[in-house]
Structure formats: structure tokens, C-alpha cells
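Laboratory data are not the source of any read-out in this text; all were calculated from the coordinates shown. Quick caveat: nothing in here was measured; it's all calculated off a predicted structure. Ideal geometry is used to build each Cβ from the backbone, glycine not excepted, and the neighbour counts take in all protein chains shown.
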Amino acid sequence: MISLSKVKNMSRRYDSRTTIFSPEGRLYQVEYAMEAIGNAGSAIGILSKDGVVLIGEKKVTSKLLQTSTSSEKMYKIDDHVACAVAGIMSDANILINTARVQAQRYTFMYQEPMPVEQLVQSLCDTKQGYTQFGGLRPFGVSFLFAGWDKNHGFQLYMSDPSGNYGGWKAAAVGANNQAAQSILKQDYKEDATREEAVELALKVLSKTMDSTSLTSEKLELAEVFLTPSGSVKYHVHSPDSLTKLLLKHGVTQPAAESS
Amino acid sequence: MSIFEYNGSAVVAMVGKNCFAIASDRRLGVQLQTIATDFQRISKIHDRVFIALSGLATDVQTLYQRLVFRHKLYQLREERDMKPETFASLVSAILYEKRFGPYLCQPVIAGLGEDEKPFICTMDSIGAKELAKDFVVSGTASESLYGACEAMYKPDMEAEELFETISQALLSSVDRDCLSGWGGHVYVVTPTEIKERILKGRMD
């Protein structure tokens, strides 16, 4: 963050408030928020023709951590939409709660599930508010939303602290996201199946992650797909299932580390 | 005619041995005119909790939608289903929020709690809970239902016998009430399955 002021000392004067532009037309607080996310655990999303795959790198791994059913990177927003998170966890919790309430409000009003893009847009509108008024800092979170609706089928969206969002076929957020995006650009295939998307996600993450060995404790993998009966399912893989997948795709280093 | 009697309804829930049954009539009327014979009064909150609402039909539907809203958020945050007792408290709180402009319905809640113990309760339109060990009733046919249930009920009935008992109690009670009837809708819930049945009674 300090590096910016080395380049142009003027920027110091425009750091303090989110609600004003710098002379070059930048919003520094928003950019600083994105810096914060660049240091956080990465997450990758890949769209396939029969589902969406989300994978996240867990930054907090310690033997002392109580592993409960709740996860660090993946959250369900509604029955048909889930998200992966990169950035400040406490900020993410607020936004996830907001998204959940927005989805339920829509369902209450229209008696049908909220279309994925509308949910993303609604949440991004909230994020944008924090860049324009109130004098509060932006949220230091980027999201990858994975969902299904009857209008557009499976979708993947990425949003950032500025409140911008876009629909993607494959996207990465968090640490080393540039590297991940370039690998995805090369290796992404349009008609991949969910299994192939899982394989690609694991391979990309294994190449871009900082840590030396890839084990199931450091990852979270989730898929959004349709069950045979036609309902949307959000499934988070168990650590055992993850270990099997890592071995199957040859991305795990049988670690010499003691567990 | 009271506003509670505008649409007509009959709802009853009974406790059995590690199971419960919840039943309602199917008539939707506008005072004395019948306009539907398949009105849904019983709704599933999750696999082990059911709620049936008697009273004004529009409030029955809106209140149910609000409860789905709250339960979905609970499920997402707590990552588990609500216990029946907790759900009853939620319904009671939501009803009391509208103390001076209430929802004109009387809910009957039935569910399987911890250790498969069945739970039933009813409440008035402003949330006064009434827990019972045997049966609860609600709606325009409630007085007949009280009599029929008191006579036919016995504790620790198995699912099949419970179904027979609740069906007979419902059908004989709605026959004495001109505003409810046109068949019955019965759910019998055990720890392993949910059985939904439609009853054909006097279609008047």
C-alpha cells in the first residue's frame, strides 16, 4: 500500500476518504481493498456444461483449529446459489448475510428463486454504496458466485470491492490470481464436464499455491449441479473425498511432512 | 360472521408412538360459497416439522411464506433444521409482532423432536402457545373436533392406527360444520417416512 505513495506523493492526500476521486481519477481506498485481497487465500471458479466448480485455498491451517462443519471459503447463499470468498473474513460474513437476506426477500415477494445475476447485482449495489457515500471503507472481499436458474442455466460471476461484477467461464480471486487466470485462459475448454472442471481447478490451484504440498486440509472444493430429479444441489466435498480426488488427478505430493 | 369464519377451515394434529399425524380439510370458501376443494392448509417446513394454518386464507399463505423466509435463513446460518419447539417459538414471536393488527390465523404445529419424540402445539392468532400431549385442533370445526378427538384418541398409537383415528375424527367433525369439508388431507410422519393421503368424505 505504501508503494503507491513512493511513486506519487500526491496520493497521500486522497487516501483518507473513499468518497473522493484522486486527481488521476482513481479511488484509492477501493484499490487498497483489492491489495488486501491479493494477500488472501485464493479461490478459483470454473463453469462446465453440467455444473459449476468452486475451489478455495485455506490460509488458516493449524492442528489447533476446531474443524467443524462450517467452512472458511465456501458459503451457501440460497438453495441454488453458493459463493467462494477471498479477502477479509469478517467483511465476507457481513456480505454473505446480506446476500442471504436479499435472496429470501426476493423469494418472499415473487415466490420463486432469485435469478443469480440479480442476486449478484443486488450485493454489488450494496458494495458500491460503500465507495460513494457514508464515509465508510469498502469491503475487503472478492466473491466468486456459482449458481443455477431457469433463465440462464449455470452461471459463474466474480465481484470485487468496487462493486463491479462480471460473468465468467473461469475466474480466480485472491493470491496469485493473475497467474491462475493465465493458466485458466490456456487450459479452459468450453464443453468440459464437471469432472474435467474439477481436475482443471485442482491442477491450476496446485500450480499457483504457495505451499509446497497439496493436501485436503488446505483446500475446500464445492460443486453446484442438478440432481436427476431436477433440483439444484450445492455439495461441499469431505476431506476424504478431496484426498481421493487429489490422488486420482495426480496433484497431491505424498507429503513427507508429519500430520 | 366473524372474519375467522370467512374462508372456513378445520385442522387437527395428534401424537402417536414416535410419530405424529396432522390433518386438514380442503375447502376454501368465500362465506357460504365454495370456491376451491383443494386448498393447501398444511405445509412442510422441513422433513420433521409441519405447520397447518386455519383462518383467513390470505394470512395463511402470507404467514407461511414469512415462515419459509425465516426458516431458510436459520438453516443457512445454523447449518441445521429447526427443532419443532424452536419453530413454535418463532411462530409465536412473529404473531405477537402484529399484536395490534394480527394475522387472522391459528396455527397448528407438529414435529418430531430429539429422540424421535413427537411434538404438537397450537396457538391463537397473537401467539399464545398451547402445548398438548395428545391432540390439538383449530378452525371453524374446532368444537366438533375437540369432541371427536377426545372420544377417539388413545395414547401410543402406531402410524396406521393413528391415521385411521385422525381421519375419522376429522371427517366426522367437518360434517357438522358447513364451512369446512370437501375431503381431507392427512400427513402421517414417522422417523423414516412421510405418508401423505387424501381423504374422500362428504363432498358438501
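Structure values in brief
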{"quantity": "Whole-angstrom gap from the range A:22-80 to the range B:116-164, using each part's C-alpha centre", "calculated": "50 Å"}
{"quantity": "Exposed-site-free run, longest, chain A (rule: GluC sites (Glu not before Pro); DSSP loop; at most 12 other C-beta within 10 Å)", "calculated": "A:25-189"}
{"quantity": "Förster radius 35 Å - calculated FRET efficiency between B:ASP47 and B:LYS133, Cβ distance, rounded to 0.05", "calculated": "0.95"}
{"quantity": "Estimated FRET transfer efficiency (B:ALA151, B:THR192; beta-carbon r; R0 25 Å; 0.05)", "calculated": "0.25"}
{"quantity": "Most mobile of B:VAL15, B:VAL30, B:VAL174 in a GNM of chain B (Cα contacts under 10 Å)", "calculated": "B:VAL30"}
{"quantity": "Descending semi-axes in whole angstrom, ellipsoid equivalent of the protein assembly as shown, from the Cα gyration tensor", "calculated": "52, 26, 19"}
{"quantity": "Nonlocal amide H pairs with B:LEU199, under 5 Å, H built at 1.01 Å", "calculated": "B:GLY184, B:HIS185, B:VAL186"}
{"quantity": "Inter-site label distance for A:LYS58 and A:ARG137 at 7 Å from Cα along Cβ, in nm", "calculated": "2.7 nm"}
{"quantity": "Which listed pairs, of B:LYS72/B:LYS133; A:LYS169/A:LYS218; B:LYS83/B:LYS133; A:LYS207/A:LYS233; B:LYS98/B:LYS129, have C-alpha distances above 21 Å, in listed order", "calculated": "B:LYS72/B:LYS133; A:LYS169/A:LYS218; A:LYS207/A:LYS233"}
{"quantity": "Three-way shape label, the range A:90-172, alpha-carbon gyration tensor, a/c 1.5", "calculated": "oblate"}
{"quantity": "Reach of A:LYS127 by Cα under 14 Å, taken over aspartates and glutamates that are not fewer than 8 positions away in the same chain", "calculated": "A:GLU31, A:ASP91, A:ASP160"}
{"quantity": "Footprinting exposure proxy for A:THR131, B:THR122 (fewest neighbouring C-beta atoms within 10 Å first)", "calculated": "A:THR131, B:THR122"}
{"quantity": "Footprinting exposure proxy for B:ILE194, B:ILE42 (fewest neighbouring C-beta atoms within 10 Å first)", "calculated": "B:ILE194, B:ILE42"}
{"quantity": "Mean separation of Cα contacts under 8 Å, 6 or more apart, over the residue count of chain A: relative contact order %", "calculated": "25 percent"}
{"quantity": "Contact order relative to length of the range B:21-145, as percent, for alpha carbon pairs under 8 angstrom and 6 or more apart", "calculated": "21 percent"}
{"quantity": "Karplus 3J(HN,Hα) series, Hz, for the range A:98-108 with 6.51 cos²θ - 1.76 cosθ + 1.60 (x for Gly, Pro)", "calculated": "4, 4, 4, 5, 4, 5, 5, 4, 4, 4, 5"}
{"quantity": "Under DSSP loop assignment and at most 15 Cβ neighbours within 10 Å, longest chymotrypsin sites (Phe, Trp or Tyr not before Pro)-free interval of chain A", "calculated": "A:134-259"}
{"quantity": "Gaussian network model of chain A, springs between alpha carbon atoms under 10 Å - residue of A:ARG26, A:ARG137, A:ARG194 with greatest fluctuation", "calculated": "A:ARG26"}
{"quantity": "B:MET1/B:ALA36 FRET efficiency (R0 22 Å; Cβ-Cβ; nearest 0.05)", "calculated": "0.70"}
{"quantity": "Cα-based shape type of the range A:96-234, given that a ≥ b ≥ c are square roots of the gyration tensor eigenvalues and the cut on a/c is 1.5", "calculated": "oblate"}
{"quantity": "3J(HN,Hα) from dihedral phi, the range A:214-229, Karplus parametrisation 6.51/-1.76/1.60, rounded to Hz, x for glycine, proline", "calculated": "9, 10, 5, 6, 8, 10, 10, 10, 9, 10, 10, 8, 9, 6, x, 7"}
{"quantity": "Net length gained if the chain between A:GLN66 and A:TYR110 were fully extended (0.36 nm per residue, minus Cα distance)", "calculated": "11.9 nm"}
{"quantity": "Over chain A: Rg over Rh, Cα atoms, Kirkwood Rh", "calculated": "0.98"}
{"quantity": "Segment B:ILE126-B:GLU164, extension gain: residue separation times 0.36 nm, minus the distance between their alpha carbons", "calculated": "10.5 nm"}
{"quantity": "Stokes-Einstein D (µm²/s) once Rh is taken as the Kirkwood radius of the range B:3-199 over alpha-carbon pairs, at 4 °C in 1.567 mPa s", "calculated": "79 µm²/s"}
{"quantity": "Helix-only [θ]222 nm of chain B, DSSP H runs n ≥ 4, -39500 (n - 2.57) each, per residue, nearest 500", "calculated": "-10000 deg cm²/dmol"}
{"quantity": "Ascending count of other beta-carbon atoms within 10 Å, so fewest first, for A:SER71, A:SER231, B:SER138", "calculated": "A:SER231, A:SER71, B:SER138"}
{"quantity": "Helix-only mean residue ellipticity at 222 nm for chain A, each DSSP H run of n ≥ 4 adding -39500 (n - 2.57), per residue, nearest 500", "calculated": "-11000 deg cm²/dmol"}
{"quantity": "Rounded, prolate or oblate (a/c below 1.5 giving rounded, otherwise prolate when a/b exceeds b/c) for the range B:39-143 by Cα gyration tensor", "calculated": "oblate"}
{"quantity": "Cross-link partners of A:LYS73 among aspartates and glutamates (Cα-Cα below 12 Å; sequence separation of 8 or more within a chain)", "calculated": "A:GLU57, A:GLU220"}
